[in-house]
Amino acid sequence: MEPRLPPPKQDCPDVEDCVSDPSEIGRICAYGPICGTCVVYRVLDVQRGLLAGTCRIRTDRGEFPCTAPICDSYVPRAGALDSRGRATDSAIPVALQIARAAGNAPKATRAFYRSPAPPRPRIPDGPCGVLDMTREELKDLIREAMDEERGGLAPLAPKWEGGTAVLKPLDPALQAKELPLEALFHKVVMIRDKLRVLEQKLNSNPRLTDAEKVDMQAYITGCYGSLTTFNVLFRDKEDAFTGQGPKGA
């Protein structure tokens, strides 16, 4: 096996491709296997030129860059490299990959897709080999990962496909800036999803009182209301902002 370049500490040349379409992360990454090419890595932002996100399983780790070392529960995205740097079968469904990591894959398929390779050394922040979650939590995790593999559940309205947003200064001597609507829409969806994650963390925080949660929730609701300007970009109304929380919640 040819030696691979170590992942960059910042300014990955492919980061914009990964941000524009999360389903491409496993296919284009030249530095895998890394956390960012694992199917349970959730992309949240870009920091120092690298993807920043969380593990859907190990939420206690907080945010960390996509170049973090893999653990012994690493499950490569479709087309990504496995724990030994070998190409994987992009035809394996995401649901089966996650079920295999959780030990819930059907016996017939579990044996077929089990990798004979020894696992990479686990990361030093605790065991990751067993997923402690209910059946419903596992189903939610699978749905979320499958949505990301498909590029998200918030499609752009057809009339805006290929369109461009133009920021035109009042001074005609200054140059206007153009931004593809697909890129703008992706940023809007990322903001929406981050607000949802923030809302979930807020509601589940045991250190906050109910009064504090209500007070902070009012700010989040205000953010949803301010972002309703972008509802025209969403194809489906149920994906848009309502000013009442995500999806009218």
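Bear in mind these aren't lab numbers, they're just calculated from the coordinates by the rules spelled out. Source: prediction; values computed, not measured. Quick reminder, even Gly has a Cβ in these numbers, built from the backbone with ideal geometry, and neighbours come from all protein chains shown.
Counting Lys and Arg as +1 and Asp and Glu as -1, what is the net charge of the other residues whose Cβ lies under 11 Å from the Cβ of Gly163?
In short, -2.
Which trypsin sites (Lys or Arg not before Pro) from the range 210-240 combine a DSSP loop assignment with at most 11 other Cβ atoms within 10 Å?
Within the range 210-240, no trypsin sites (Lys or Arg not before Pro) qualify (loop, at most 11 other Cβ atoms within 10 Å).
Would you mind calculating the gained length between Leu208 and Lys177 on full extension (0.36 nm times residue separation, minus the Cα-Cα distance), in nm to one decimal?
6.8 nm
Note the full-extension length gain between Thr229 and Ser20 as 0.36 nm times their separation in residues minus their Cα-Cα distance, in nm to one decimal.
Working: separation 209, 0.36 × 209 = 75.24 nm, distance 2.14 nm.
Extra length from Thr229 to Ser20 when fully extended: 73.1 nm.
Find out how many positive minus negative residues lie around Val46, taking Lys and Arg as positive, Asp and Glu as negative, among other residues whose Cβ is under 13 Å from that of Val46.
Values: positive: Arg48, Lys187, Lys194; negative: Asp11, Asp14, Glu16, Asp17, Asp45, Glu63.
Once positives and negatives cancel, what remains is -3.
Going by how many other Cβ atoms sit within 10 Å of their own, how do Lys159, Lys139 line up, fewest first?
Ordered by Cβ neighbours within 10 Å, fewest first: Lys159, Lys139.
With the cut-off at 1.5 for a/c, could you classify the range 158-239 from its C-alpha gyration tensor as rounded, prolate or oblate?
The shape class here is prolate.
For a 26 Å ceiling on Cα separation, which of these pairs sit above it: Lys194/Lys237; Lys168/Lys194; Lys139/Lys213; Lys177/Lys237; Lys159/Lys237; Lys9/Lys177?
Too far apart for the 26 Å limit: Lys168/Lys194; Lys139/Lys213; Lys177/Lys237; Lys9/Lys177.
Just rank Val188, Val40, Val214, fewest to most, by other beta-carbon atoms within 10 angstrom.
Ordered by Cβ neighbours within 10 Å, fewest first: Val214, Val188, Val40.
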